[in-house]
Every structure is written in structure tokens, then in C-alpha cells.
Amino acid sequence: MSDEFSAFDIPVDRAGTGSVKWARCAGRDVLPMWVADMDFRSPEPIIAALHRRVEHGVFGYSMAHAGVAGAVCGYLRRVHGVEIEPSWIVWLPGMVVGLAQSACLAGEPGDAIMTFTPVYPPFLKVHRDAGRELIAVPLGAEGGRHTFDFEAMEQALTPRTRLVMLCSPHNPVGRVWTRAELEKLADFCVRHDLLLVSDEIHCDLLLEPQAAPHTTALKLDSLRSRAITLMAASKTYNVPGLGLCFAIIPDEQLRRRFVLTKNTFVAEISPLSFHATRAAFDECDDWRRSLCRYLRRNRDTIAAILAARAPQVKMPHIEATYLAWLDVRALGLEQPVAHFEAHGLALSNGADFGAPGFVRLNFGCPLARVEEGLARFVRAL
Ligand SMILES: Cc1ncc(COP(=O)(O)O)c(C=O)c1O
């Protein structure tokens, strides 16, 4: 076990590398546990693939080279048990771009998009550029477990609602939606003639792959003509700065409409990112499984420390992601993020996710750093 984990135990100094996460704390004794990238080195096959491409020395406008689409198809078959055609893939320079393009193709300006809060902040923003309305329905809770509130969704729905924007698994509450929940959501979409965009960027960061397996929207047959599934190697293999994701759209007409929304705002894709993506999906399964076991131990450590030393702070059971969603309302802090930062810990602000009184803590880092972060968290109380 310790050998498996040793690569993740190594602290990497990211100071001075232009890291968004670390720059916020530069020159101060503040531990950055906010924005969602990890402090681990990417797996060696990715670094080697990047070296080989850099050695070539010419970095012109690029498209997916031979092998990239095959790597994606093979990964989806092997890891998620689903067959896709390479022609269904649309390459994009980022996931938020895919959300924004989906918002633009859903109906007309003035139409509405439904999403579920709390949620990753761009879900609450992309409708603006598209001139759409946002219907934000709070997630329900059954026995302390977040789930869809279908009653509230039916009530919030308007005749102009055209799209459901789903985060699956969910950032920040860490749920991996069950097949039954997703089938009910699919029925909702079919019944009300809604498109669905499913952001599955976290779908391989499963902390309990047996008990809480991921069901991709690609497996929901009733959504075949109305789903846009977004995936990427970026979060799992810690290459989000390289900028590459892909939409998988089985329906040809929907795919054509999606491609047409790629306007002058959408940049070209870096040649390096294609090489990282191919290596990630073809060569890094073992690394990914070890990473998830490491992250699971980090999560369990956080849960144990909170239960013992900060029982008034509540954390839902995180089934996926490396993000802990902490309800700190019981502390009565006016500015929770500023308070924790003053005590040496930089966190994400729940208000940005539509949930003031919450903070999000990134545990994608060596266990020793998690323990130090939690020590600071507890001291701040
Ligand atoms: C759910 C979700 N979607 C998208 C992104 C960002 O993706 P990208 O950087 O490819 O736009 C993140 C990053 O944290 C995320 O959590």
C-alpha cells in the first residue's frame, strides 16, 4: 500500500510556476486548498508523451492526431462500458466552453436553462452570454444525502425551459448519481422536451467505484437524441491547464447545431493537449486507480478529523471528486473564507456556488498537507 501511495506523498513545489491556486497565497503562510487542480505530478506516460511532442519543435494549428479518438473510444468501452462512434466526438478547448455552447443552442434568447444548486460557479453564469434565463433549483436532501427534488423541478419549470445542465458526478456535493436517479431525470427531460448537457469531468475520480459507480448519460437510451455529454482527461490526470475536453453527441442533427455555436470566441486547441489526452486514456489506468484510493484515504482522514474536533461542521459523504463541501453555518461567521484565510487556509467560497455559509476544501494533495490544512481549519474555530 505504501509503495502504491509513495508517488502521491511527494510534495511538489509549485511556487513561481504561474499556478492560479498557489499565486493567491504567494509570500504568505497560507495553504491553498481552493481552486480544483491537484498538487500531484501527472502520470509519467503523459509527461513522456508531452516530451516527445515538444521534441518535434513545430506547434502549428492542430487537430486530433491518429489514435486520440481511438483512445477515447477504447477508454469509454473499457472503463464505462459504452460504445461510441469516433464521429460523435467534438473536441473543445475546455469544459466551460462546452457548457456555454450548449446554452447557446438551447432554444432562443429568452428561453430558460435549469440547473441544480449548489453547483460549480460557471453553471450559474453561462446563460448570460447566451441571453437565456437561469432556473436554479436547490438539490433536495434525503437522509442528509443530496438528490434531485423532482417536485421542486416540476414547479420551477416554465414553458420556455429548453435545457437541463447537469454536473455528474456533482461538484461540490460529491454525489455520484445512481442509474435510478438519472433515469428519473431522463424521464423528466423527455416528458418536457428538454435537452440535457451532462458535465462528467469528474467521472473517473470515484472514491467508491463499487458502491457508487458512475453512469454516463451516454448509457441512457431515452436521451440519445437529446444529450450532450462532456468529458475530459483534465481533472483525473491533473492536466486542466492544457485545456482539452470533448463533447460526445450521438445525434447528428444536435451535433451539427452544437458545432455551429463554435463562434469567434472559441480558441483553437493546443497540440500538446491531444497528446496528453491520448496517453491518459491509453496508458494510465493503474495510476488512476491508485490516485482514487489515495484520495479516498484523504477524504476519510478529513471526515475523521471533523467528527472528532469540529462536529459542528458538516460534510456530506463525498463519493467522487477531491473536493470537500463543508457546511460552516453553525460557526456564525460573516465572511467564512476571509476568516479561514486569516488563519492560514485558502478555501473556495460557497457563495460562488449559490450557497453562502459553505466553503469547499480541495484535498487533491499529499496526505501531510491535508492534515496540516485540517489542523489550521480546526485552529480557526
Ligand atoms: C464540474 C466542472 N466543470 C468544468 C470545470 C472546468 O473545466 P475547464 O477548465 O475544462 O473549462 C470544472 C473545474 O473545476 C468543474 O468542476
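When Ala304 is tested against the conditions (1) among the hydrophobic types (A, V, I, L, M, F, W, C); (2) away from the ligand (no atom under 16 Å from the Cβ); (3) touching a Gly at 6+ places or on another chain (Cβ under 6 Å), the lone failure is (3).
Quick test for you: out of Gln155, Gln210, pick the one residue that is more than 16 Å from the ligand (Cβ to nearest atom) and either within 19 Å of Thr236 (Cβ to Cβ) or in the same structural domain as Gly350 (by TED's automatic domain parsing) (or both).
Numbers: Gln155 fails: either within 19 Å of Thr236 (Cβ to Cβ) or in the same structural domain as Gly350 (by TED's automatic domain parsing) (or both).
Exactly one residue qualifies, and that residue is Gln210.
Here Val20 does not fit the description of being among the β-branched types (Val, Ile, Thr), surrounded by fewer than 16 Cβ atoms within 10 Å (Cβ to Cβ) and away from the ligand (no atom under 16 Å from the Cβ). For segment 216-233, taking the residues that are surrounded by fewer than 24 Cβ atoms within 10 Å (Cβ to Cβ) and in contact (Cβ under 8 Å) with a residue 40 or more places away in the chain, the one that is farthest from the ligand (Cβ to nearest atom) is identified as Lys219. Scanning segment 301-334 for residues that are of a type in the set (Ser, Thr, Tyr) and either in a loop (DSSP other than H, G, I, E, B) or in contact with a strand residue (DSSP E or B) (Cβ under 6 Å, 6 or more places away or on another chain) (or both) returns Thr321, Tyr322. When segment 145-177 is filtered for residues that are under 17 Å from the mean Cα position of the chain (by Cα) and part of a loop (DSSP other than H, G, I, E, B), the ones remaining, listed by number, are Ser168, Pro169, His170, Asn171, Pro172, Val173, Gly174, Arg175, Val176, Trp177.
Could you check segment 185-239 and list, in sequence order, the residues that are among the polar types (S, T, N, Q) and under 23 Å from Thr277 (Cβ atoms)?
Answer for segment 185-239, where residues must be among the polar types (S, T, N, Q) and under 23 Å from Thr277 (Cβ atoms): Ser198, Thr215, Thr216, Thr229, Ser234, Thr236, Asn238.
Looking across segment 238-255, the residues that are more than 10 Å from the ligand (Cβ to nearest atom) and part of a strand (DSSP E or B) come down to Phe246, Ala247, Ile248. Can you confirm whether segment 105-125 contains a residue that is of a type in the set (A, V, I, L, M, F, W, C), away from the ligand (no atom under 16 Å from the Cβ), part of a helix (DSSP H, G or I) and over 28 Å from Trp34 (Cβ atoms)? Looking for residues that are of a type in the set (A, V, I, L, M, F, W, C), away from the ligand (no atom under 16 Å from the Cβ), part of a helix (DSSP H, G or I) and over 28 Å from Trp34 (Cβ atoms), one finds at least one in segment 105-125, hence yes.
Every test in (1) over 19 Å from Arg175 (Cα atoms); (2) surrounded by 24 or more Cβ atoms within 10 Å (Cβ to Cβ); (3) in contact with a strand residue (DSSP E or B) (Cβ under 8 Å, 6 or more places away or on another chain) is passed by Leu254 save one, and that test is (2). Any residue in segment 81-93 that is within 12 Å of the ligand (Cβ to nearest atom), touching a residue at least 12 places away in the same chain (Cβ under 8 Å) and either in contact with an Asp or Glu (Cβ under 8 Å, 6 or more places away or on another chain) or within 16 Å of Leu166 (Cα to Cα) (or both)? Yes, there is a match, as at least one residue in segment 81-93 is within 12 Å of the ligand (Cβ to nearest atom), touching a residue at least 12 places away in the same chain (Cβ under 8 Å) and either in contact with an Asp or Glu (Cβ under 8 Å, 6 or more places away or on another chain) or within 16 Å of Leu166 (Cα to Cα) (or both).
The values are calculated or read from the model by the stated rules, or taken from the named source; none is laboratory data. Nothing here was measured: the structure is a model prediction, and the numbers come from that model. Cβ: placed from backbone, ideal geometry, glycine included. Neighbour counts: every protein chain shown.
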